[in-house]
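The values are calculated or read from the model by the stated rules, or taken from the named source; none is laboratory data. Predicted, not measured: the structure shown is a model, and the values here were computed from it. Virtual Cβ from ideal backbone geometry, glycine too; neighbours counted across all protein chains shown. All accessible areas refer to the heavy atoms of the entire protein, side chains included, with ligands and DNA or RNA removed. Shrake-Rupley method; radii C 1.70, N 1.55, O 1.52, S 1.80 Å.
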Amino acid sequence: MSHGPRLLHGPERGTVLLVSTTSLVKGARASRSTIALKLLMAISGLIFIGFVLMHMYGNLKAFAGHDAFNEYAHHLRTFGEPMLPHEGLLWIIRVTLLGALIVHVYAAVALWRRAQRARTTPYAVKKHTGATFASRLMRWGGVTLLLFIIWHLLNFTIGKVNVSGGPTNDPYNLLVDTFDTWWLTVIYLVAMAALGAHLHHGVWSAAQTLGLTGNAKARATWKKIAFVTALIISVGFSLVPIFVLAGVISK
Amino acid sequence: MSSNSNMSLTLKIWRQPDAVSAGAMHTYQVTDVSPDMSFLEMLDVLNEDLNAKGEDPIAFDSDCREGICGMCGLMINGDAHGPEVTTTCQLHMRSFTDGETITIEPWRATAFPVIKDLVVDRSSFDRIIQQGGYISVNTGSAPEAHSVPVPRDDAMRAFSVATCIGCGACVAACPNGSASLFMGAKITHLGELPQGQPERDSRVVNMVAQHDHEGFGGCTNIGECTAACPKEIPLDVISQLNKDLRTALKHGF
Amino acid sequence: MNYEMPDTTTTADPSQDTPAEMTDDAAGYYSPGEPIVDAKAPTGPIADRWQDRKFEARLVNPSNRRKLNIIIVGTGLAGASAAATLGEAGYNVKSFCYQDSPRRAHSIAAQGGINAAKNYKEDGDSVHRLFYDTVKGGDYRSRESNVYRLAEVSTNIIDQCVAQGVPFAREYGGLLDNRSFGGVQVSRTFYARGQTGQQLLIGAYQALERQVAAGTVETFTRHEMLELIVVDDKARGIIARDMVTGAIETHLADVVVLASGGYGNVFYLSTNAMGCNVTAAWRAHRKGAYFANPCYTQIHPTCIPVSGSHQSKLTLMSESLRNDGRIWVPKNAADCEKDPRDIPEEDRDYYLERIYPSFGNLVPRDIASRAAKYVCDEGRGVGPKVDGVARGVYLDFAAAIERLGKDGIEEKYDNLLDMYERITGENPYEVPMRIYPAVHYVMGGVWVDYDLMSTIPGLFVTGEANFSDHGANRLGASALMQGLADGYFVLPHTIRDYLADGPFEKVDESHPAVVEARTSVEERINHFLNVNGTRSVDSYHRELGNIMWEYCGMERTEDGLKKAIDLIRTLKDDFWRNVKVLGTNESLNQSLEKAGRVADFIELGELMCIDALNRRESCGGHFRGESQTEDGEALRHDDLFAYVAAWEFAGDGEPPVLHKEELTYTAIEMKQRSYK
Ligand SMILES: Cc1cc2nc3c(=O)[nH]c(=O)nc-3n(C[C@H](O)[C@H](O)[C@H](O)COP(=O)(O)OP(=O)(O)OC[C@H]3O[C@@H](n4cnc5c(N)ncnc54)[C@H](O)[C@@H]3O)c2cc1C
Ligand code: HEM
Ligand code: HEM
Ligand code: SF4
Ligand code: F3S
Ligand code: FES
């Protein structure tokens, strides 16, 4: 209907608005659309991916032993000196990541709430014919990741919690102490599975959001890229905890 | 030759007297259903029966009954338009088995309020089109048709996405209640043609704004929509939609 | 999709002169009225007439247009195009349709294509040739000025649609492709795969929605027009029911346009959409608009047959299938239940090839249709029996598959064969398809003059709802052309001449004529809801359909038609006393909607039979058993029936009044067709 709100008349009902809106939007801005939210999500997601790839590379230095790993951690903090102050690069990364996190979570929450409002009566029976499992896991998977990140930062950066009571000022030793505790390793592995799933859908989804998948072939290619990225990242991260627990990496 | 083993079915159908009253699922039995019947003809038969018993027949939409007008649309056992890739009116009872229980619900979306039983209001789609789903050309002002050639492939792509019938199954199937496939189909149709270029940026921005305003959800690239679409509109169109919006953003819209 | 008559015309045969008393079949069923002498068709050279008319039509000052209100009922090609164009011009337009969106009008279902005299193939096409083909195709029962104009504006339609973004088929060079359609010798049909109607309608719909956003057009979806408001002999508005809330609304305007489509659903089963109806046109007829040539019905030979008594509608399949498929039935009725593949060649009757050796399976539509009926009446039909008779004939691709290979057939008919399989569950590559004729289009409709105005001043009628351009038979791909011609290019000019008389006297809702219209609608609705009878609306509709199909279908005879009229009168009486409509008016009530439509179909059915009874000749889609050659070919009687039969409503229970509009041809010579 476009001739104004349609009303329901009837003695017992009074007059009730039937259609939620009948107005046309004026002064639309591209930046205020759900697609803009998605673009933010994709860009922040890609920033995360860049970071985790780098981070994973750093973690894998654990295989090279105590000194190599700590050297890397140290190097991170002195990178660019004296052009940058001490921990300069790290802070740039931190600020970027924090910004990305805020944006990513904000957009995720906004889209989630919209989706909930967009269907208030659920179906009695609903099949999922087109969706992958990973795509349906995005939101709760994201929440899992958020919880993980909070714990992770407490664990390694902000709080420096060493559950086995050891020193916290030596990154390599903290790492080994942490993953020598089986349940911590489990938490990390679960988180890495969640990350893998998130990226399995997320990478292709970001490509779709950025408009890179305009035909069936591009879509198939990006689905492959997404799968490979997810696999590399989740397996790459999992190696260190597993090998610590297995005693291959030790103090 | 038509098969002759007729079926008995249990139907669980959403009944709701009008837009403002609460609804609920009701159970009905139908017998002697021929496999050659269309799904809607099966409901016609049930309605004749209800009418004879003095019960209000079940309201559902349909018009062309040949899969082109987009008027029909039911959620059947959790699949928009049922288990086949076609419209509800072109679904036949041979896709079901004797003794089966079939759950029938209306499209569920805030932007598609239920009017009665299985009938919903899809006027939000019209308003999305009003916001730029056209090429502004007044009657009589068109240049000679052959003055602008269109590469054949572009014309083919435009055509294949222009086959969207506006049924709303994509929205019904999407977990986010998003109308991105519908919108993407129109954006792609007009965007493929030279005639569609001048308004390309404003079109996408305005249509998306209306889409959001109507209360449809944002797309998170789940892909249920394309699986439900009776015209097999591919996900390409959503990518195109996103790209066009990004371009518009860049152009300052 | 429709085959034009093969080009083997002969000049009029003087032996067809018939005794005058033969025309009195309908005596007692109607009363004669004054002939129509002026249909406002301009004179002068035919090629100049439309230009002259456009020039003479008065103009409306742009600043006055906003103050003029136009109601358009219907959003098919005819209605949507008119609403968009008049909105662009700045008038204040209200557009109505019964569907939930203007985009769903039945025009969407047209498959084959749209004609236009572009002559892009340089194959000898021209405006004049399109004009000629259309008049001839209509069996010389259309008004030549109108047809010429149709051919003339056809080229603008294509320009307009392309500019709107209609994705027509194109060649590799990027230019538009054409195909030859319905056996015509030139390629003038523009198409978008098998969905031309859809694409054209979406174009018009988008133009309409653009005007909605611009504020010049207001759309009223899920609104059904139930009455015409006539004040001081002028159409001044409509009464419409909001189908969601049941509100009976009064909409007043300076001019009303009906673009409400065809009434093929009077036959219950047809290729039309479920909601197609005659109500808008019939209500206007009852208020004084003449109804012209109601009996002209087009029956399409290649539809998917009825599969059971539950059947709600029929599906058309492109007639192009006849190019490669062979039509047959078993020679012996005893073989009809057998698997067709087990019936040996010598026991098959390729009846069209047998009776019409030169045209074979490609004989014109009406002949193919009638022949199928005859073989089924003989008990040689195939497929499921409905009410004891199997109504279907085989359309067999076995030979074509042998000749062209399965791939060859797939390439040509893929879509169609898939559709067939989806509906019937049978694989046409393996088992011969079954087909049967079905009602597809009506050439009759509200009588309009050259300006598309009915006999009620201020009431214009466009598209399939009017009778105007196709005579007794419509060529394939010409209905879409007519709808868009009317809406984009004709009506906007002719309506301004009428509107130039404005501003019109103000009418308000308390005017006695308005109140009367409104009350009559309310009373009718209350009646339906209160009859509390025993039979459903659908059961009446189905019975009406059976009567019409049996006696006013492919072949009509004096006895049959008289019988049908009796049956319809009894049915009508019973309907009003015994119909069962549950529920209330104040909510969506589909039985109530149907009740109103069926009531009008019943009255129309009677008029169709009377019209068919009166026209004791065979022409185009109308075949009178009494008027055929020795070989069973249709026989026209130009001496007696070269007129438009325009019927005036004379009151309930009164015989309708027949006004004749003589048809004269100055630019074309009348010929009798022949196809053996
Ligand atoms: C299956 C099929 C295939 C066809 N293929 C072709 C083809 O290939 N080429 C060709 O040229 N022609 C074809 N035709 C014919 C052609 O499609 C129609 O004649 C033409 O589209 C009619 O257009 P219209 O605008 O007059 O009416 P329609 O498109 O029927 O529109 C009628 C409009 O009126 C409205 N309406 C009706 N009654 C009321 C009422 N009481 N109150 C309010 N609104 C009302 C409806 O809602 C609708 O919007 C085909 C027809 C069929 C059935
Ligand atoms: C901080 C916690 C996180 C939350 C709450 C979260 C949540 C989400 C949600 C809800 C989506 C969109 C869901 C969908 O498309 O269905 C999403 C998309 C995405 N996420 Fe996350 N996520 C988080 C962390 C991460 C991390 C750490 C990465 C990368 C390493 C990441 C990468 C992505 C990518 C690439 C997308 C796809 C963007 C798109 O669809 O355009 N996310 N995330
Ligand atoms: C098994 C997997 C992981 C291990 C072993 C691991 C290990 C570590 C370690 C040791 C540090 C401290 C580095 C330092 O202070 O120099 C750290 C910091 C950090 N890690 Fe991880 N990490 C893992 C996975 C992740 C993942 C998946 C993410 C993100 C989604 C992540 C995000 C971070 C962040 C943001 C920091 C803080 C950087 C800073 O600001 O100093 N880590 N990680
Ligand atoms: S995109 Fe497909 S599902 Fe969605 S409205 Fe169009 S045809 Fe229906
Ligand atoms: S299912 Fe929904 S989330 Fe997007 S891809 Fe389809 S609209
Ligand atoms: S009724 Fe038209 S698409 Fe189903």
Seminar exercise, completed: Residue set B:F159, B:F182; condition part of a helix (DSSP H, G or I), more than 10 Å from ligand 4 (Cβ to nearest atom) and not hydroxyl-bearing (S, T, Y); output residue B:F159
Problem set entry | Long-range neighbours under 9 Å by Cβ, at least six apart or interchain, first residue free of Cβ contacts under 8 Å to residues at least 60 places away in the same chain within the range B:115-127, second part of a helix (DSSP H, G or I) and small (G, A, S) | B:V120/B:A172
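Just the residues that are within 12 Å of ligand 2 (Cβ to nearest atom) and either open to solvent by less than 20 Å² (accessible area, probe 1.4 Å) or among the β-branched types (V, I, T) (or both), please, taken from the range B:211-245.
Those that are within 12 Å of ligand 2 (Cβ to nearest atom) and either open to solvent by less than 20 Å² (accessible area, probe 1.4 Å) or among the β-branched types (V, I, T) (or both): B:G217, B:G218, B:T220, B:N221, B:I222, B:G223, B:E224, B:I238, B:S239, B:N242.
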For this session: Give the residues of the range B:65-102 that are surrounded by 21 or more Cβ atoms within 10 Å (Cβ to Cβ) and at the interface with another protein chain (Cβ under 7 Å from one of its Cβ atoms), sorted by residue number.
Result: B:R65, B:E66, B:I68, B:C69, B:G70, B:M71, B:M75, B:D79, B:Q90, B:H92
Seminar exercise, completed: Of (1) under 13 Å from the mean Cα position of the chain (by Cα); (2) facing chain C (nearest Cβ under 10 Å); (3) touching a residue at least 60 places away in the same chain (Cβ under 8 Å), B:S136 fails just (1)
Problem set entry | Residue that is nearest to ligand 4 (Cβ to nearest atom), among those in the range B:44-89 that are touching a residue at least 60 places away in the same chain (Cβ under 8 Å) and outside any loop (DSSP other than H, G, I, E, B) | B:A80
Problem set entry | Every residue from the range C:513-562 that is closer than 14 Å to C:K594 by Cα and among the β-branched types (V, I, T) | C:I525, C:V537
Exercise. If we scan the range C:484-491, do we find a residue that is out of contact with any Gly (no Cβ under 6 Å at 6 or more places or on another chain) and either among the hydroxyl-bearing types (S, T, Y) or under 23 Å from C:E593 (Cβ atoms) (or both)?
Worked result: yes
Problem set entry | Selected residue (only one of A:L175, A:L154, A:L189, A:L147 is at pLDDT 85 or above, open to solvent by less than 30 Å² (accessible area, probe 1.4 Å) and part of a helix (DSSP H, G or I)) | A:L175
Problem set entry | Odd one out for A:L153, checked against (1) within 16 Å of ligand 2 (Cβ to nearest atom); (2) touching a helix residue (DSSP H, G or I) at 6+ places or on another chain (Cβ under 9 Å) | (2)
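Select, from A:R139, A:R117, the only residue that is within 13 Å of chain B (Cβ to nearest Cβ) and either touching a helix residue (DSSP H, G or I) at 6+ places or on another chain (Cβ under 6 Å) or among the acidic types (D, E) (or both).
Details: A:R117 fails: either touching a helix residue (DSSP H, G or I) at 6+ places or on another chain (Cβ under 6 Å) or among the acidic types (D, E) (or both).
Just a single option satisfies the conditions, and that option is A:R139.
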Problem set entry | Lone unmet requirement of (1) modelled with pLDDT under 90; (2) within 14 Å of chain B (Cβ to nearest Cβ) for C:Y356 | (2)
Exercise. Within the range C:133-146, is there a residue that is at pLDDT 95 or above and under 30 Å from C:R66 (Cβ atoms)?
Worked result: no
Exercise. In the range C:572-588, how many are more than 30 Å from B:D121 (Cα to Cα) and surrounded by fewer than 21 Cβ atoms within 10 Å (Cβ to Cβ)?
Worked result: 6
Exercise. Among C:T302, C:T279, which is the only one that is closer than 18 Å to C:R474 by Cα, among the hydroxyl-bearing types (S, T, Y) and either open to solvent by 10 Å² or more (accessible area, probe 1.4 Å) or within 15 Å of ligand 1 (Cβ to nearest atom) (or both)?
Worked result: C:T302
Seminar exercise, completed: Quick count over the range A:192-232, residues being open to solvent by 20 Å² or more (accessible area, probe 1.4 Å) and not in a helix (DSSP H, G or I), is 4
Problem set entry | Selection from the range C:187-236 of residues that are open to solvent by less than 10 Å² (accessible area, probe 1.4 Å), facing chain B (nearest Cβ under 10 Å), more than 13 Å from C:T75 (Cα to Cα) and of a type in the set (A, V, I, L, M) | C:A192
Exercise. When residues of the range C:315-356 are filtered for being open to solvent by 10 Å² or more (accessible area, probe 1.4 Å), under 23 Å from C:F623 (Cα atoms) and of a type in the set (A, V, I, L, M, F, W, C), how many remain?
Worked result: 2
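Quick check on C:V73: is it among the β-branched types (V, I, T), closer than 30 Å to C:E661 by Cα and in contact with a Gly (Cβ under 9 Å, 6 or more places away or on another chain)?
yes
Could you check how many residues of the range A:129-144 are within 16 Å of ligand 4 (Cβ to nearest atom) and either open to solvent by 40 Å² or more (accessible area, probe 1.4 Å) or among the basic types (K, R) (or both)?
Of the residues in that region, 1 qualify.
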For this session: Being of a type in the set (F, W, Y) and in contact with a helix residue (DSSP H, G or I) (Cβ under 7 Å, 6 or more places away or on another chain) is the filter here, so list the residues in the range C:435-473 that pass it.
Result: C:Y436, C:Y441, C:Y450, C:F460
Seminar exercise, completed: Being open to solvent by less than 10 Å² (accessible area, probe 1.4 Å), within 16 Å of ligand 1 (Cβ to nearest atom) and not aromatic (F, W, Y) narrows B:G166, B:G184 down to just B:G166
Exercise. When the range C:21-50 is examined, which residues are found to be in contact with a helix residue (DSSP H, G or I) (Cβ under 6 Å, 6 or more places away or on another chain) and of a type outside the set (F, W, Y)?
Worked result: C:T23, C:D25, C:A26, C:A41, C:P42, C:I46, C:R49
Exercise. Which residue out of A:H55, A:H75 is more than 16 Å from ligand 5 (Cβ to nearest atom) and open to solvent by 60 Å² or more (accessible area, probe 1.4 Å)?
Worked result: A:H75
For this session: Please work out if C:L499 is touching a residue at least 24 places away in the same chain (Cβ under 8 Å), away from chain B (no Cβ under 14 Å) and away from ligand 1 (no atom under 11 Å from the Cβ).
Result: yes
Exercise. Which pairs have Cβ atoms under 7 Å, sit 6 or more apart or on different chains, and link a residue in the range A:191-207 that is away from chain B (no Cβ under 14 Å) and more than 16 Å from ligand 5 (Cβ to nearest atom) to one that is in a helix (DSSP H, G or I) and of a type in the set (S, T, N, Q)?
Worked result: A:A191/A:T144; A:M192/A:S234; A:M192/A:S238; A:A193/A:S234; A:A194/A:T144; A:L195/A:S234; A:G196/A:S234
Exercise. Just for strands (runs of 3 or more DSSP E) wholly inside the range C:166-233: which have at least 1 residues that are within 23 Å of the chain's Cα centre (by Cα)?
Worked result: C:187-190, C:223-231
Seminar exercise, completed: Residues of the range C:79-90 being open to solvent by 10 Å² or more (accessible area, probe 1.4 Å) and either in a loop (DSSP other than H, G, I, E, B) or farther than 18 Å from B:Q130 by Cβ (or both), in sequence order, are C:A89, C:G90
